[in-house]
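We did not get these values from a lab; they are worked out from the coordinates using the rules stated. Remember, predicted model here, so these are calculated numbers, not experimental data. Note: ideal-geometry Cβ built from the backbone for every residue, glycine included; neighbour counts use all protein chains shown.
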Ligand code: AMP
């Protein structure tokens with residue numbers, strides 16, 4: 001497996017690859033969720049490139065950029081065991097050269113949910129993913145359903161900018177008690193970790209209502225809020241029952257629907273979602 005930093009080295013490695021190239025962008029500190037994306041890419045493509053880059057522009061001023069967990073050596077061992085062809089670990093100087101002033105912004109779909117809580121987040125995400133796509137030039141790129149709005153925004157950007165890349169969204173990988181795997185779970189204290197299952201339980205309760213025939217979206221939002229309120233450590237940022245494609249809040253559920261939420265547990269921000277229909 002090639003471990004690459006510079007852009008010329010990445011381009012040379014890419015040029016040597018024949019057939020379909022699958023790309024898995026990550027911020028490192030890998031867990032089973034990331035590894036599932038890499039395995040899927042490996043199964044579906046002739047070559048796999050993984051990137052590790054903690055993208056500073058997608059973090060807000062008061063967010064966790066400086067303490068975002070990192071363990072490059074462990075990450076490289078995990079990726080190497082899955083037989084990816086290359087790992088690209090660009091530096092800030094490569095991705096944001098001195099005097100940088102070009103941004104990629106996606107409109108309406110970035111405004112609700114995560115965008116409402118983190119107003120500069122998606123501008124950072126779309127800019128870095130566009131730059132990664134330009135450099136890697138994959139045929140397919142793999143993202144997790146865990147970050148549902150991110151996946152929707154990337155799909156929109158890929159269509160709008162005519163990137164010849166198929167976006168593949170893989171199911172959320174969870175711990176045995178239902179907590180969605182996340183690099184940020186490392187921040188949770190023992191008590192917060194136990195409380196963190198409340199997101200899965202709230203989503204499951206709303207899904208049960210849906211499966212029992214409930215189509216009033218507000219009833220599902222109320223149910224999720226009710227369950228979250230039963231956990232005193234959980235501070236709700238938003239709870240949503242929205243159209244899967246537009247992410248607009250629904251009155252009546254019809255077709256593919258996204259249940260989603262963001263919850264603070266102490267200082268740690270957790271997000272999770274279920275897809276209905
Ligand atoms: P990150 O390193 O957090 O930026 O995540 C890199 C990719 O892994 C993104 O496409 C995420 O959506 C995906 N991912 C993160 N956690 C999970 C999970 N629990 N299950 C599936 N995919 C995930």
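Relative to the dominant Cα principal axis of the chain, helix 121-136 is inclined by about 30°. Taking the DSSP beta bridges with both ends in the chain, the antiparallel portion is around 50 percent.
Which residues does the label zone of residue 108 cover in region 151-187, counting backbone N under 19 Å from a point 7 Å along Cα→Cβ? Residues 151-162 fall inside that zone. For region 1-46 versus region 84-113, the spacing of their alpha-carbon centroids is 17 Å. Using C-alpha pairs below 8 Å separated by at least 6 residues, the relative contact order for the chain is 17 percent.
In the chain, the DSSP-assigned H stretches of four residues or longer account for a calculated mean residue ellipticity at 222 nm of -11000 deg cm²/dmol, using -39500 (n - 2.57) per stretch and the full residue count as denominator.
Computed from Cα atoms, the angle from the helix 148-160 axis to the main principal axis of the chain rounds to 50 degrees.
Compared with the direct C-alpha span, the chain from residue 230 to residue 44 gains 62.7 nm at full extension, assuming 0.36 nm per residue.
Relative contact order for region 183-276: 30 percent, from Cα pairs under 8 Å spaced at least 6 residues apart, divided by residue count. The C-alpha atoms of the chain define a longest principal axis, and helix 72-81 lies at about 80 degrees to it.
Ranked by the mean number of other Cβ atoms within 10 Å of their residues, highest first, the peptides 95-106, 201-212 come out as 201-212, 95-106. If you take the square roots of the eigenvalues of the alpha-carbon gyration tensor of region 2-170 and sort them as a ≥ b ≥ c, do you get rounded (a/c under 1.5), prolate (a/b over b/c) or oblate? Rounded, because the longest to shortest axis ratio a/c is under 1.5.
Once you order the gyration tensor axes a ≥ b ≥ c over the Cα atoms, which shape class does region 142-214 get: rounded for a/c under 1.5, otherwise prolate or oblate by comparing a/b with b/c? Verdict is oblate for region 142-214.
Quick check: Cα centre of region 131-156 to Cα centre of region 204-277, how many Å? Cα centres, region 131-156 to region 204-277: 24 Å. Under the criterion of Cα pairs below 8 Å and six or more residues apart, the relative contact order for region 8-159 equals 32 percent. Per-residue packing, averaged as other Cβ atoms within 10 Å, sorts the ranges 57-65, 219-227 into the order 219-227, 57-65, beginning with the highest.
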